[in-house]
Structure formats: C-alpha cells, structure tokens
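Worksheet for the structure shown next.
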Amino acid sequence: MFDISALDLARMQFAFTVSFHIIFPAFSIGLASYLAVLEGMWLWKKEDRYIEVFNYWKTIFAVGFGMGVVSGIVMAYQFGTNWAVFSDKAGPVIGPLMGYEVMSAFFLEAGFLGVMLFGQKRVGPRLHFFATLMVAVGTLFSAFWILSVNSWMQTPTGHIINAAGQFVPDDWFNVIFNPSFPYRFVHMVLAAYLTTAFVVGAVGGFHLLRDKTNKHARLMFSMAMWMAAIVTPCQMLAGDQQGLNTLKHQPAKIAAIEGHYENVKGAPLVLFGIPDNEKAELLYSIEVPRLGSVILTHSWDGELPGLKSFPREDWPNTFLVFWSFRIMVGMGMIMLLVGLWSLLRRSQGRLYDDVWLKRAAVAAGPVGFVAVLCGWITTEAGRQPWTIYGLLRTADSASPLSGAEVGATLLAFILVYFTLFGTGVYYMLRLMAKPPAAARETATTSLKRASGLTGAPSTLDQTDR
Amino acid sequence: MLEFDLPLIWAAIIAFAILAYVSLDGFDLGVGILFPLVPEKSGHRDVMMNSVAPIWDGNETWLVLGGGGLLAVFPLAYAVVLPALYLPIIAMLLGLIFRGVAFEFRWRASARNRVWWDRSFAFGSLLATFAQGVCLGALIQGIEVVDRSYAGGCLDWLSPFSILTGASLVVGYVLLGATWLVMKTEGELQGLARKFAMVSGVGTLALIGIVSIATPFLDAEYHHRWFEGGNLVFSIVVPVLLAICAAVLFLGLKRHHDIRPFFAAHGIFLLCYIGIGISFYPRMVPPDITIWAAAAPEKSLHFLIVGTVVLVPIILAYTIYSYWVFRGKVDKSGGYH
C-alpha cells in the first residue's frame, strides 16, 4: 500500500496532536497571568477599565482554555496508546511528575475556572480574584511539571535502570531539576507570556486603528508593548543560555541547529543554507565568520562539534532542526523590533499615534505561536532519534499497533481538530474583532455615546450574545 | 515503622479516582446524551448546559488523574491496556472533544448554527460514554499479554459483551444525568427529567442484571469469585443493597424528592463498581497481571503518595467549595454568556 510504517504514523499522530495542543496552553498560560494582573489592578486602583478589559479577555480565555483541556486529555492517553514501551520503561520516572501535574495544576485550574468564569455575582470580588489567581498559578505549575518531564527526556539524570529495563528513580531532586530543566522552563514561560502579549497587542492595535481614543484598546496596547519591550530581550538571553546548555548536554542537536557537519574552531554563524544529510554537507550557505563560536562558546576560536563526530544513525533530521530554529529566531527578531519601536514612540509620547506601529503590532499578532511551534520542533526533532536522549530510541518506544489503525485514527484526529479547533479559533478571532467597551451598567458615558448613533444599541445587543 | 502494602494502597487510590470520574463526569455526560430528547425551542437546553458548565472541567480532570496515575504507579498496566483498547480509547477522546468544545462554542455560534453544537454536545457525550463502557467490557473479558506487551489484534475488544457494557453505561449515565436535572431544575424540565430518570432507572437495573449474569460465564475465575467460597456473602449483600438503592430512587422520583434520586443513582453506581472490584481483585489487568506485578518500583510509589495524601484532600475541599458556590436550582440567566 503506502511506503509508510506504523512507527512513522504513530510519530506523525503524536506530532500532530501535541503541536495542536501546545497552541492553546502557550496562549492560556500568558493570558491567565494577564487576567490576574488586570483584576489585581482593578482591586488596587478601582478603575473600571481594568475589570472591563478583564471581562473582554475572560470570554476569549474561556474558549481557548476549553480547547486546551480537551486536546490535553488526548495527550495524557497518547503516551500509552502510541508509546507503550516507552510508557512501561519510563513511567516510573515521568509518571509521578505527571501525577503531580494533574494534582497540583489541572485540578487547581479546573476547580477555580468555574468560579472565575461564572461566579462573579456569586462570590465577593476578593474571592473572585483569588480564583483567577489560582487559575494563573495552576497554569504555571502545569508548565513546571510537564517541562520537567520533557527536560528529563532530553537530559536524563537521577535514575537507574532495573532488570526489567525500566528507568527507576534514584534521586528525585536530580530527576526534576535535571540539567536542562531550569533553562527550558524559563524559556517556555517567557515564550507563553510573549505569545499572549503579541495577541493582546494586536487586538489593542487593531481597535486603535479604528478608534484612537478607545481607552480599553489603549490599555491593552500599552501593557502589551511594555511586555514586548522588556520581555523580548530577557527571552533572548534565556534562549542564549539554553543554547549553551544544549551544547554541553546535546552537542549533536547544536550541530544540526548550526548546520555543521565538520568540527570547526572559530566556527562561522550560518545565516541560511540547505543542510543535506545524504551528502553530509551544508549547501548554498551564507555565513558570518567566527560568530557561531562567539555566540556559543563566548570565544573567538571556540570549537563547535560537527555531525560527523557522531554515529550516522544518531543524527537528527538536520533540515528540519536547522530551519525551525531559524524561523523561531526570526520571530524573536520581529518581537524585538516591535518592542524597541514602541519604546521609541512611547518616549516621544506618541505611542498611540504611529499608525504603522499599530499595523506592525496587528501583523505581529501570531509571531508568538510560530516561534513556540518552531522552538518545540527544534528541540523535539533535535532530540531524535531518541525518546530518552542517548538511552531509548524512538524506534524501540512504540506500541504494538498496526499501520491501519494508527493511520485511520490519525485521519480522524486531523479532520476533527481542523474542523472543531478551526471553528474555535474563528470564534476567538470574532470575539477579538469586537471593540472592547465599557460595561453597560457601570459606564454611562459610553451608553450615551452609543445611543447617539442610529441602531447602535440593538447591534450591541446582538453581538454581545 | 509499619509496613505498608503500597501497590495495594495505590490500587485503591486509582480505583477511587476512576470512581470519582464515573460519578462526576457520569452525570454531565448523561446530561449531554439527554440533549436531543429535550425540544430545542423550549430553552431548556440552555438550563441543562448551564447546570454543568461551571463544573464539567473539574469532573473530567479525574479522568486525567486516572490515566496519569496509571502511568505513574502501574506503568505496565497503562502500557498494556491502552494499545489493547486503542480504538475505543481514541473514540472516547474524540467524543470528549466534540462535547467539551460545545460548552463555549454553543454560545459563540449564531442562533442558526447553535443546533450544530447541540448535536456535537450530544454526539460527543454519547460516543465517549459508549466507548468507556466498551473499554470496561473489554477489560473484564481480559487482555492478552506476552512479554510485558499487548499481544492481541486491533479488534479484540469488540464482542457482544463489550457492546452490552457500552450500552449499559449509556443508560446508566442517562440515569445519573436525569437525576442531576431533577435536583438542579424546576418546572417543566424537572418533570421531563423525572420521566427520563424513571425509564433509565428501570433500564439500568435490567442491564445490571444482564451484565451480572453474563460476567461469571466469561471466565471460570469470575464464576468462582461470585458463587463459591467466602465471597458468597458479597453475592448476597451487594444485590440486597442494590434493591434498597433502587427503592429509594423510584420512591424518591414518585414522591417528588429533588435530591434523593440523585444520591440513590450514585449508590447504584457505587455498588456496581464494588462488584467489578470484587471480580477483578487481585488482578489489575485480567486475566494475568496482578496489582503487584503491574506496580512501579517502590520509590515511584513512595514519591507520589506523599503528595497525594496532601493534595487529594485539598482538591476535594475546593471541588466541594465550587459545587457549593453553584448550589441550588439553575436558572436561564445563570451563565455569564
């Protein structure tokens, strides 16, 4: 039939479900924290616009969070359905970490989400803020545990291997705080914050382009641009540190990222090129001399490893790793540019006046998602051909399934995800297209303004449903 | 220090998580299955959905704890059962997506398209429930294992028995959902819910009877368990308690008690669950893998139990709090939409 194995299909299925899934938490981790900040500011400053912006994003959060939950349940079972051998062998180490994720994060989020979404009139404002805070804390706990799991698979420490071939915990501290975990955790949380900031900035910019005086859009835009200006440089530093850590623990991944096949001293920084694993060389490359060594070893003559110093069967898909990394960095550059631009305009007191800055912010709305996806592709494809780096091969991790059943369910996942989550994203975009406005009960001024326009109140009623 | 039998304690904790899942998500899945039976124009569907909207997410988290917990403390069981039940598990996951997204999407769609999310909600609830019942039946039938790995084919789970358990769970969840609505709603909808509860109550009891009669003939071990030796006591006690629960259920419905039928229905589920537990013990995956053989190494069990002892009571506390916040009857304007 097709020249494609059950293993490949299982990998495609996992890559598909996890890639779709990560989009939602990447957004909700940042948005939950943003909501907590907004509600906190409202309690502190007692200005209505904070709670109005809170309510605006709360509805969008609910749609995104729901999709994150249901696509996340799939992940909890995909380890077993697709990677049974891996689950049996690594379960004693990663299972308890995921158990802690469920108990400390998922329940916390789910338990307080209901109060946060539906309980505004049933509990006091302080208790409601507490619920929002618990949802935000829950998303961070969740990131902590799942990144610990992933990092252990990248840089496994603190375990021993028993007679049944299972990985058995030896020292939990070393398992959880394995060498790459702190770097990956910081890098991912900042990535989630930036992803959300650029969505919020795009929505703020979009509505400011229509109405420069919209105070809610101004609040969103200003807060988002602060994040872009401050967090992007931090993220670049965090990324640099993670790169150094990867060089130390997963040098083959760095070789693939850099597109180096030979060991080189004073290695260049390859801007573009086409890595070809067949020929074991980098084609059509554009390079900056010595910069590669400067970035990764912080020295002029530092030596960088080439793929040829690793056995051929241990090479990752260099093309994928090389390019996904470059796209991620490119997205980071766009973020930095927007951040610095906004800083300049802010210092001139013209943050809300520059039409092109607003347009740029709208265009940059999705960059965070692209960066997150490409970053994960870099690190995950770069770990191949291993599930547990250096210890368990992906080919030896799979479930005993037939190609037909994995292929059929892969097709089902693709159809269902694109239809349902595609519609969900459309609903989210439609909510974002609605201008943020004052709540009808509290802000009388905007009511007066709206009723001055013919038919405005009735359209407001319709769109509000 | 006392010697604890950690694998056994963990089996009890996982059993508790799955029971919590079945009890809690059971009624909101049941509400979903009942959706098409309630007229679209009546506005009752809004109330039905609002009655579970604030809590369904927490209910479903118990399923994640069941799966994640199994991976952590019984990795062999997790690694064997999921490939064996691959297709029904994926069907369940897809069903949960269809219904999960409907909670928000339904309010975001135009009035004309809303009915599609009603269908998605009902279809997903039905599919997830049926698949769960099929998984249960397939597990009771037993799973073929060679050398720590599933050794059967991709359709081994499919049998008249697993279809029967699938259908039984659908009727059972409808009972939970209907009694939930009796408790949470008023007026016309409550009247409808009473009727649904009555019918599904009768159906549930009949199906419990059929499954109970069929099970001992699947496997000599089950027969031995229920009809010989000391367990004979259970074989009498469980049905007697079941009869009491059934009486409370039907009398409660007849005399228009709001709350009693809900708890009686849960009593029925609890007893069935205990019955299944008696059949399984001491096996984790029938027919071969015992609780102790499936268990993760001591250190994993130990590490997670410390947190579990602290966290699960906290989880239960704020789950109860969340139900308390949304106590009482639901009205149409109960949502934030």
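Values quoted throughout were computed directly from the atomic coordinates according to the rules given, and no laboratory measurement underlies them. Remember, it's a predicted structure, so these values are computed and weren't measured experimentally. Neighbour counts are summed over all protein chains in view; Cβ atoms, including those assigned to glycine, are modelled from backbone coordinates with ideal geometry.
If each of B:ALA206 and B:PHE234 carries a label point 7 Å out from its Cα toward its Cβ, how far apart are those two points in nm?
2.8
What is the magnitude of the charge dipole of the protein assembly as shown about its Cα centre, with +1 placed on the Cβ of each Lys and Arg, -1 on the Cβ of each Asp and Glu, and no other charges, expressed in debye to the nearest 20?
In debye, rounded to 20, the protein assembly as shown gives about 3340.
For A:LYS434 and B:ASP288, FRET efficiency with R0 = 51 Å and r from the beta-carbon atoms, rounded to 0.05?
Values: r = 58 Å, r/R0 = 1.14.
After rounding to 0.05, the efficiency reads 0.30.
Name the residues of the stretch B:178-219 whose amide N is less than 15 Å from a point 7 angstrom out from the Cα of B:PHE263 along the C-beta direction?
B:180, B:183-184
At a temperature of 37 °C and a viscosity of 0.692 mPa s, determine how fast the stretch A:241-319 diffuses translationally according to Stokes-Einstein, using the Kirkwood radius over alpha-carbon pairs as Rh; express D in µm²/s, rounded to the nearest whole number.
267
Taking the simple approach of a point 7 Å from Cα along Cα-to-Cβ for both B:PHE227 and B:ILE278, what is their distance in nm?
1.5
Can you pull the mean other chain C-beta count within 10 Å for peptide B:181-193? Intermediate results must be reported in sequence, preceding the final value.
Details: counts 0, 0, 0, 0, 0, 0, 0, 0, 0, 0, 0, 0, 0.
That average works out to 0.
Applying 1/(1 + (r/R0)^6) with R0 = 56 Å to the Cβ-Cβ distance of B:VAL310 and A:LYS248, what FRET efficiency is obtained, to the nearest 0.05? Don't jump to the answer; show the numbers that get you there.
Details: r = 36 Å, r/R0 = 0.64.
So, using R0 = 56 Å, E works out to roughly 0.95.
For a quick check: with amide H placed at 1.01 Å from N, whose amide H comes under 5 Å from B:ILE289's, ignoring anything fewer than 5 positions away on the same chain?
Correct list: B:MET284.
Provide the FRET efficiency to the nearest 0.05 for the A:LEU336-A:ALA404 pair, computing r from the beta carbons and using R0 = 41 Å.
Working: r = 48 Å, r/R0 = 1.17.
Calculated transfer efficiency: 0.30.
Towards the positive end of the charge dipole of the protein assembly as shown, with charges on Cβ (+1 Lys, Arg; -1 Asp, Glu), say which of A:ALA202, B:PHE250, A:MET134 has the farthest Cα.
Towards the positive end, the residue furthest out is A:ALA202.
So if a site counts as exposed when it's one of the GluC sites (Glu not before Pro), its DSSP state isn't H, G, I, E or B, and it has at most 11 other Cβ atoms within 10 Å, what's the longest stretch of chain A without one? Each step should come with its number before you reach the end.
On the way: sites that count: A:GLU278, A:GLU441.
For GluC sites (Glu not before Pro) (loop position, at most 11 other Cβ atoms within 10 Å), the longest site-free span of chain A is A:1-277.
May I ask you to list the residues of the stretch B:197-228 whose amide nitrogen lies under 12 Å from a point 7 Å from Cα along the Cα→beta-carbon direction of B:LEU37?
Residues B:197-204 fall inside that zone.
For chain A, find the longest principal axis of its Cα atoms and tell me its angle to the long axis of helix A:422-433, 0 to 90°, nearest 10.
40
How large is the Rg to Rh ratio of chain A when both quantities use alpha carbon positions and Rh follows Kirkwood?
Rg/Rh for chain A comes to 1.00.
Using modelled amide H (1.01 Å from N, peptide plane; none on Pro or chain starts), what sits under 5 Å from the amide H of A:ASP170, excluding residues fewer than 5 places away?
A:HIS159, A:ILE160
Between the DSSP loop rule and a limit of at most 14 other Cβ atoms within 10 Å, which chymotrypsin sites (Phe, Trp or Tyr not before Pro) in the stretch A:251-345 are left?
Numbers: sites: A:TYR261, A:PHE272, A:TYR284, A:TRP300, A:PHE319, A:PHE322, A:TRP323, A:PHE325, A:TRP341; in loops: A:TYR261, A:TRP300.
Those satisfying the criteria are A:TRP300.
In Å, what Rg and Dmax follow from the Cα atoms of the protein assembly as shown?
Rg then Dmax for the protein assembly as shown, in Å: 27.8, 88.
Projected onto the charge dipole of the stretch A:211-394 (+1 at Lys/Arg Cβ, -1 at Asp/Glu Cβ, origin at the Cα centre), which of A:VAL270, A:ILE377, A:ALA256 gives the Cα projection farthest towards the positive end?
A:ILE377
Helix B:160-184: angle to the longest alpha-carbon principal axis of chain B, degrees 0 to 90, nearest 10?
With rounding to tens, the tilt is 40 degrees.
For chain B, divide the Cα radius of gyration by the Kirkwood radius and give the resulting Rg/Rh value with two decimals.
Using Cα coordinates only, the ratio equals 0.97.
Within the stretch A:1-110, which trypsin sites (Lys or Arg not before Pro) sit in a loop by DSSP and count at most 16 neighbouring Cβ atoms inside 10 Å?
Counting only loop positions with at most 16 other Cβ atoms within 10 Å, the trypsin sites (Lys or Arg not before Pro) in the stretch A:1-110 are A:LYS46.
Near the amide H of A:GLU303, under 5 Å away, which other amide H atoms are found, from residues 5 or more places off or on another chain, if H is placed in the peptide plane?
HN-HN under 5 Å from A:GLU303: A:GLY266.
Using only the alpha-carbon atoms, how far is helix A:48-82 inclined from the longest principal axis of chain A? Give it as 0 to 90 degrees, nearest 10.
Helix A:48-82 sits at roughly 30 degrees to that axis.
Please list, or write none, the lysines whose alpha carbon is within less than 18 Å of the alpha carbon of B:LYS195, excluding same-chain residues fewer than 8 places away.
B:LYS184, B:LYS254
What do you get for trypsin sites (Lys or Arg not before Pro) in the stretch B:48-126 restricted to DSSP loop and a cutoff of at most 11 other Cβ within 10 Å of the site's Cβ?
For trypsin sites (Lys or Arg not before Pro) across the stretch B:48-126 that sit outside H, G, I, E and B with at most 11 neighbouring Cβ atoms in 10 Å, the list reads B:ARG112.
Scaled to the compact-protein estimate 2.2 N^0.38 Å, what is the alpha-carbon radius of gyration of the stretch A:211-394, rounded to two decimal places?
So the stretch A:211-394 has a normalised radius of gyration of 1.22.
Place +1 on the Cβ of every Lys and Arg and -1 on the Cβ of every Asp and Glu in the protein assembly as shown, take the dipole about the Cα centre, and give the residue among B:PRO39, A:PHE325, A:LEU420 whose Cα lies farthest towards its positive end.
Of the candidates, B:PRO39 comes out farthest on the positive side.
List the relative contact order of chain B as a percent without decimals, with contacts defined as Cα pairs under 8 Å and 6+ residues apart.
With pairs under 8 Å counted, the relative contact order is 24 percent.
Over all residues in A:128-135, what is the mean tally of Cβ atoms on other chains that come within 10 Å of each residue's Cβ?
Other-chain Cβ atoms within 10 Å of each residue's Cβ, averaged: 1.
So for the stretch A:257-366, averaging the separation of alpha carbon pairs under 8 Å that are six or more residues apart and normalising by length, what relative contact order in percent results? Let's see the in-between values first.
Values: 145 pairs, mean separation 27.0, N = 110.
Averaging sequence separation for qualifying contacts and normalising by length gives 25 percent for the stretch A:257-366.
How big is D, in µm² s⁻¹, for the stretch B:214-337 by Stokes-Einstein at 25 °C and 0.890 mPa s if Rh is the Kirkwood radius over C-alpha pairs?
132
Under 10 Å, Cα contacts only: if you run a Gaussian network model on chain B, which one of B:PHE121, B:PHE262, B:PHE234 comes out with the highest mean-square fluctuation?
B:PHE234
Could you pull the Rg and Dmax for the stretch B:11-89, using just the Cα atoms, both in Å?
Rg, Dmax (Cα atoms, Å): 16.0, 50.
How large is the dipole of the stretch B:8-328 about the Cα centre if only Lys and Arg carry +1 and Asp and Glu carry -1, each at its Cβ, rounded to the nearest 20 debye?
That gives the stretch B:8-328 a dipole magnitude of about 940 debye.
Within 10 Å of each Cβ of B:317-324, how many other protein chain Cβ atoms are there on average?
4
Using each residue's phi in the stretch B:185-202, evaluate 6.51 cos²θ - 1.76 cosθ + 1.60 at θ = phi - 60° and report the 3J(HN,Hα) Karplus result to the nearest Hz, with x for Gly and Pro.
10, 9, x, 4, 4, 4, x, 4, 4, 4, 5, 4, 5, 4, 5, 5, x, 4
Short version: ³J(HN,Hα) in whole Hz for each residue of the stretch B:40-54, in order, from phi by Karplus 6.51 cos²θ - 1.76 cosθ + 1.60 (θ = phi - 60°), x for Gly and Pro, what are they?
For the stretch B:40-54, the Karplus curve yields 5, 6, 6, x, 5, 4, 4, 5, 4, 5, 4, 5, 10, 3, x Hz.
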